[in-house]
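The values are calculated or read from the model by the stated rules, or taken from the named source; none is laboratory data. Just so it is clear, the structure is predicted and the values come from calculations on it, not from any experiment. Virtual Cβ from ideal backbone geometry, glycine too; neighbours counted across all protein chains shown. Ligands, DNA and RNA are stripped out before the accessible areas are found, and what is left, the full protein with its side chains, is counted by its heavy atoms. Shrake-Rupley method; radii C 1.70, N 1.55, O 1.52, S 1.80 Å.
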Amino acid sequence: MALTRSMMRRAAVAWQKGAGNRIPTTTRAVNTAVNDNRPILISPSLVSLDLPEIWPTNSTTHDFPLTCKCSDEQTAAIIDGKSIADEIMLRISCEVRRMKESIGKVPGLAVILVGQRRDSQTYVRNKMKACEEAGIKSLITELPDNCKDDEVLNALSRFNKEPSVHGILVQLPLPQHLNVGRILDLLSLEKDVDGFHPLNMGNLAMRGREPLFIPCTPKGCIELLIRSGLEIMGKKAVVIGRSNIVGLPTSLLLQRHHATVSIIHAFTRNPEQITCEADIVVAAAGVPNLVRGNWLKPGAVVIDVGTNPIEDPGCEHGYRLTGDVCYEEAVRVASAITPVPGGVGPMTIAMLLSNTLDSAKRAYDFT
């Protein structure tokens, strides 16, 4: 032990001489760590670092000069997510029909919807309609905003045990008082068609691993790029937003496709400057018109995930959806762009049904 202490002291002294006097507190910690009960590491837990993502309410507060002159006319090709999703849905419908004719079974999707968020209600309504059109059985449990964790967990447990249900979707985001981690942990891995189970996310992050399910919106974004003939490998990509639902898994998936990825979040300094270097921009912050034309590199590809409800009495449901990207400006700078609505949204639903079909095929050993 004395020899070990002596070696540690000599190493600490040598390190201090090499580094000058810049880090004396670290040196003291090395010298005294063996004599007290202080923790080996002093960095905080990752969860304790979590802060709420509060974006500026007005993106024009950033004083960033124009880096390009916008064209007076539209230059970007429109990535038609609806037509691509329709093609995928047609193939899903054919497979569901083949399954029913061959083994007398169809895939089943169960949805748990908590609260009265209008955007969540719209998403769920569209998903139920898509299931019906594809021949997929759908079930829904609706719970009030003030429900308890146990009410959600009980509904989840019932669907976990139901053999005719092959996919379970807990519509996110949930009300803040609910323990999202506890709820998602209970979700059966084999039915996690949203791809949010920690094991699915972990396998997505690790090279050489294959998740059972890839989260639907990120999967849809990649599918749009590939089907549009847009290269990902070697490109600089920026993901704006780092939510567990979209931003984080999108960044992981882009890395798996060999893009060089930067993530912009509410605490990023000079986000416009970083974004302006990107070949591919995925906007998923949930802030209407956050990304302006001067954020974009000329010729960039823009995938707008934002679906922000804006009050509009003239629309059927009293509101319209707008993206995170200022479309009127971006369309004159980008080489390709997804519209809102009609871009990523239909692809998200198509990927959800594709994951549900894959789950049913595994359950029934159907090829």
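Here are the numbers for the structure shown:
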quantity	calculated
Close pairs (9 angstrom Cβ cut-off, 6 or more residues apart or separate chains): over 18 Å from residue 100 (Cα atoms) and at pLDDT 95 or above in the stretch 117-145, open to solvent by 50 Å² or more (accessible area, probe 1.4 Å) and part of a helix (DSSP H, G or I) anywhere	141/158; 143/151; 144/151
Selection within the stretch 233-281 - part of a loop (DSSP other than H, G, I, E, B), free of Cβ contacts under 8 Å to residues at least 60 places away in the same chain and closer than 16 Å to residue 344 by Cβ	246
Single residue of 312, 324 found to be over 28 Å from residue 90 (Cβ atoms) and modelled with pLDDT under 95	312
Top-ranked residue in the stretch 238-252 [being surrounded by 24 or more Cβ atoms within 10 Å (Cβ to Cβ) and among the aliphatic types (A, V, I, L, M); ranked as nearest to the chain's Cα centre (by Cα)]	246
Residue within the stretch 301-315 that is assigned to a loop (DSSP other than H, G, I, E, B) and among the aliphatic types (A, V, I, L, M) present	yes
Every residue from the stretch 319-341 that is open to solvent by 20 Å² or more (accessible area, probe 1.4 Å) and not hydrophobic (A, V, I, L, M, F, W, C)	319, 320, 322, 327, 328, 329, 332, 335, 339, 341
Residue in the stretch 344-366 that is open to solvent by 30 Å² or more (accessible area, probe 1.4 Å), of a type in the set (Lys, Arg) and either in a helix (DSSP H, G or I) or under 18 Å from residue 122 (Cα atoms) (or both) present	yes
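So that you can scan it fast, the table gives a plain yes or no per residue for (1) surrounded by 22 or more Cβ atoms within 10 Å (Cβ to Cβ); (2) among the aliphatic types (A, V, I, L, M); (3) assigned to a helix (DSSP H, G or I):
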{"site": "169", "(1), (2), (3)": "yes, yes, no"}
{"site": "173", "(1), (2), (3)": "no, no, no"}
{"site": "177", "(1), (2), (3)": "no, no, no"}
{"site": "183", "(1), (2), (3)": "no, yes, yes"}
{"site": "190", "(1), (2), (3)": "no, no, yes"}
{"site": "203", "(1), (2), (3)": "no, no, yes"}
{"site": "208", "(1), (2), (3)": "no, no, no"}
{"site": "214", "(1), (2), (3)": "yes, yes, no"}
{"site": "218", "(1), (2), (3)": "yes, no, yes"}
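Residues are listed down the side, and each one gets a yes or a no for (1) at pLDDT 65 or above; (2) in contact with a helix residue (DSSP H, G or I) (Cβ under 7 Å, 6 or more places away or on another chain); (3) closer than 30 Å to residue 360 by Cα; (4) not small (Gly, Ala, Ser):
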residue: 38; (1), (2), (3), (4): yes, no, no, yes
residue: 49; (1), (2), (3), (4): yes, no, no, yes
residue: 54; (1), (2), (3), (4): yes, no, no, yes
residue: 62; (1), (2), (3), (4): no, yes, no, yes
residue: 70; (1), (2), (3), (4): no, yes, no, yes
residue: 73; (1), (2), (3), (4): yes, no, no, yes
residue: 80; (1), (2), (3), (4): yes, no, yes, yes
residue: 93; (1), (2), (3), (4): yes, yes, yes, no
